[in-house]
Amino acid sequence: MRRFALITLIVLVAGAGWFGWHRFGPRPVAPPMAPEASQVDHILIEKSARRLTATLDGAIVMQADIALGFEPEGDKQQEGDGKTPLGLFKIDRRNPQSAYHLSLGIDYPQTEDIDHASLEGVDPGGDIFIHGQPNGVFGITLPGDWTAGCIAISNSEMARLWSLAPTGTTVEIRP
């Protein structure tokens, strides 16, 4: 019995160490930016189609299937509602050390979102990103709508989008 407990303890410690390393350990180096002539100028998120389309001067450069917030219908109203916001935004930050495989932040909430939430007496939320899969998840793309309001794509697609979409890129999110 004692031997079984010791083996169980060793397996649990090794598993926790492995998970901790992959979740909180050093991140891979972010891919370099693509040449300016091939960088995208517009990202369209179609929530109902679960599709991201990145374009340059109207020409499609890449498309990807997406996951949304856990309550994808409608516009984001407040922190914790699980909705992905609707509207026109810009990429305003890049995080290569994200808890997810790379992340591109969008400038939500905007003034009208803050004003509307203030009238309702709620927090509009924030930290909306386009990102890859959670760190520590390897070789799979999580199914369904699982984010807290962000837009998630596969890690390989995120690496490509990261290199194509500079800060300032327009992000349009449609129903």
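The values are calculated or read from the model by the stated rules, or taken from the named source; none is laboratory data. Just so it is clear, the model here is predicted, and its values are computed rather than measured. Neighbour counts run over all protein chains shown; Cβ positions are idealised from the backbone, glycine included. Surface areas here come from the heavy atoms of the whole protein model, side chains and all, with no ligands, DNA or RNA. Shrake-Rupley method; radii C 1.70, N 1.55, O 1.52, S 1.80 Å.
The table that follows gives values for the structure above.
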quantity	calculated
Degrees separating the helix 155-164 axis from the principal Cα axis of the chain, which is the longest one	40
Total formal charge among the other residues, if their Cβ is under 9 angstrom from that of residue 175, Lys/Arg +1 and Asp/Glu -1	-1
Length added when fully stretched, residue 41-residue 97, from 0.36 nm per residue minus Cα-Cα	17.8 nm
Contact order normalised by residue count of the stretch 79-143, Cα under 8 Å, 6+ apart, percent	33
Length released on extending from residue 77 to residue 123, taking residue separation times 0.36 nm less the Cα-Cα span	15.7 nm
The chain: angle of helix 2-24 to the longest principal axis, Cα-based, in degrees nearest 10	20
51, 174, reordered so the largest accessible area comes first (probe 1.4 Å)	174, 51
Nearest-10 value in Å² for the accessible area of residue 91, using the 1.4 Å probe	0
Karplus (6.51, -1.76, 1.60) ³J(HN,Hα), θ = phi - 60°, over the stretch 113-127, in Hz, Gly and Pro reported as x	5, 5, 4, 5, 5, 4, 4, 8, x, 10, 8, x, x, x, 6
Protection proxy ranking, peptides 79-87, 146-154, average beta carbon neighbours within 10 Å, highest first	146-154, 79-87
Relative contact order of the chain, defined on C-alpha pairs under 8 angstrom at six or more residues apart (%)	30
Protein-only accessible surface order, largest first, of 116, 131, 42 at 1.4 Å	116, 42, 131
